[in-house]
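Accompanying notes for the structure given below.
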Amino acid sequence: MNRSDFFAMVKDVHQHPERLAEYRKTYKNIYPFSDGIFKMLMANEAKPERTVKFLNAMLMLSGGNAIKSFTLGVPENPGVLDDKSAIFDIYGVTQGGSPVLIEVQQTFNTLFVDRLIYYTSRVVSRTVKKSQDYNLPHIYVLSLLTENQFPLERDTYLHHAQLVRNRRMFYDKLDVYLVEVEKFFAIDDRTPLESREMTDRAEMLRIFRDVLEEKEIPAEKLQRLLDKEFAKDVSLQGFTDETLLNEVDGMTDMLYEKQGAYLQGKEDDRKEVAKILIDAGILTPEKAIFLLHINKRDLQSSEK
């Protein structure tokens, strides 16, 4: 079940819950990047080694820098007074006390980086108590982007952001990794087999692609990068109707939320950007019209 299949199922089952049984017959695997499902798969307290392997692969940490243990933390940081609450997809700390924030971004959003910075700042603020100095821990942020956020950078799926000064490292205790999942798949497809990226990160993303395309994943590959039980855990048959219907409700809310509407810009500016992307062959006219419609609707809603 890929992203389009899942969104279609969400819309259908939201109106007709009884059709869930039909989808169980049609699809082998659940869509692994929906919010609740991703947490169940990658933040399973009974399988902490899976999270450790996933993080080491995605952050490319090895040797003395590798994460050896990961303790899940409270995923919600309530707002104070007028502050917004920060609700993390997955939050925890390593054996060395380094916070790790994992977020899955489901839709294109011009403010997704702003939200990541805000969430990261909340992590920073709660690591220092009144009696302590400002010796901050190393913080890792991993954002999985299920829709491409940087369409003009056709050959770059990984974006590693750090604080620099005059193009040199200024502060080395903050690492932000933005991974465009679908763009990685597209790059893989047009790259000759002998030239493809063979890092653990790339192999991890290929596992998720196999899940989306419902292909068999070699047991030895699963064992090395995650664990053998992952294939069973991602199976659609392993989730109760109640769990899936709750996920449908949550994803339905996400599809209609107003997130990112405030700074979308004037309609003429959006049309000009869309025209540039169409001329460059990055967006189809149909996709551009759809995005313009969504942005306009969200902007109007936010102004009410």
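In table form, for the structure just shown:
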quantity	calculated
Lone unmet requirement of (1) part of a helix (DSSP H, G or I); (2) at pLDDT 90 or above; (3) among the hydrophobic types (A, V, I, L, M, F, W, C) for residue 217	(1)
Considering residues of segment 161-197 that are modelled with pLDDT under 95 and touching a Phe, Trp or Tyr at 6+ places or on another chain (Cβ under 6 Å) only, the residue farthest from residue 123 (Cα to Cα)	164
Within segment 1-67, helices (runs of 4 or more DSSP H) holding 1 or more residues that are charged (D, E, K, R), free of Cβ contacts under 8 Å to residues at least 12 places away in the same chain and farther than 22 Å from residue 233 by Cβ	3-15, 20-26
The one condition in (1) in contact with a Phe, Trp or Tyr (Cβ under 7 Å, 6 or more places away or on another chain); (2) modelled with pLDDT of 90 or more that residue 200 fails to fulfil	(1)
Hits in segment 178-202 - residues which are farther than 22 Å from residue 150 by Cα and either surrounded by 14 or more Cβ atoms within 10 Å (Cβ to Cβ) or not assigned by TED's automatic domain parsing to the domain that holds residue 59 (or both)	200
Selection status of residue 73, touching a helix residue (DSSP H, G or I) at 6+ places or on another chain (Cβ under 6 Å), assigned by TED's automatic domain parsing to the domain that holds residue 180, surrounded by 13 or more Cβ atoms within 10 Å (Cβ to Cβ) and modelled with pLDDT under 95	no
Selection within segment 137-153 - modelled with pLDDT under 90, surrounded by 12 or more Cβ atoms within 10 Å (Cβ to Cβ) and not acidic (Asp, Glu)	148, 149, 150, 151
Condition met for residue 106 (touching a helix residue (DSSP H, G or I) at 6+ places or on another chain (Cβ under 7 Å), of a type in the set (S, T, N, Q) and over 24 Å from residue 72 (Cα atoms))	no
Number of positions in segment 164-177 that are acidic (Asp, Glu) and either surrounded by 11 or more Cβ atoms within 10 Å (Cβ to Cβ) or more than 25 Å from residue 66 (Cβ to Cβ) (or both)	1
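Residues are listed down the side, and each one gets a yes or a no for (1) within 20 Å of the chain's Cα centre (by Cα); (2) of a type in the set (D, E, K, R); (3) modelled with pLDDT of 70 or more:
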| position | (1), (2), (3) |
| --- | --- |
| 212 | yes, no, yes |
| 254 | yes, no, no |
| 261 | yes, no, no |
| 283 | no, no, no |
| 294 | no, no, no |
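The values are calculated or read from the model by the stated rules, or taken from the named source; none is laboratory data. Bear in mind that the values here come from a model prediction, so they are computed numbers and not experimental data. Note: ideal-geometry Cβ built from the backbone for every residue, glycine included; neighbour counts use all protein chains shown.
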